[in-house]
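Asks: Let me begin by handing over the structure; questions about it come next.
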Amino acid sequence: KKLKEQALEQTAREMTVKAEALEKRVHELETETRWLKSLITERDPNVLGSVQCPCHHPEGLEPSSKRPRT
């Protein structure tokens, strides 16, 4: 019975860690969604250069003339 309790406690700890990681990911995705929505709706290109997305563009967007061509 003691082993069963230990296994249950271990599973509970693992699920707690997994839940915390998922909550962090949800927060990141919500932040990215807000950033993308503002990117789509922004009309002033000067403002877009200063917008910073913590997920993919921590330094903000570069003006298109400086962006390397792919």
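Asks: Report whether or not Leu48 is of a type in the set (A, V, I, L, M, F, W, C) and modelled with pLDDT under 85. Even if it seems obvious, please write down each step before you answer.
Replies: Numbers: of a type in the set (A, V, I, L, M, F, W, C): yes; modelled with pLDDT under 85: yes.
So Leu48 passes the test.
Asks: Still on this structure, please answer the following. Read through the list (1) open to solvent by less than 100 Å² (accessible area, probe 1.4 Å); (2) at pLDDT 95 or above; (3) acidic (Asp, Glu), then give the number of the only condition that Glu32 fails.
Replies: So Glu32 meets the others, but not (2).
The values are calculated or read from the model by the stated rules, or taken from the named source; none is laboratory data. On a predicted model such as this, the values are computed, not experimentally measured, just so you know. Just so you know, the surface numbers come from the protein's heavy atoms only, side chains and all, with ligands and any DNA or RNA stripped out. Shrake-Rupley method; radii C 1.70, N 1.55, O 1.52, S 1.80 Å.
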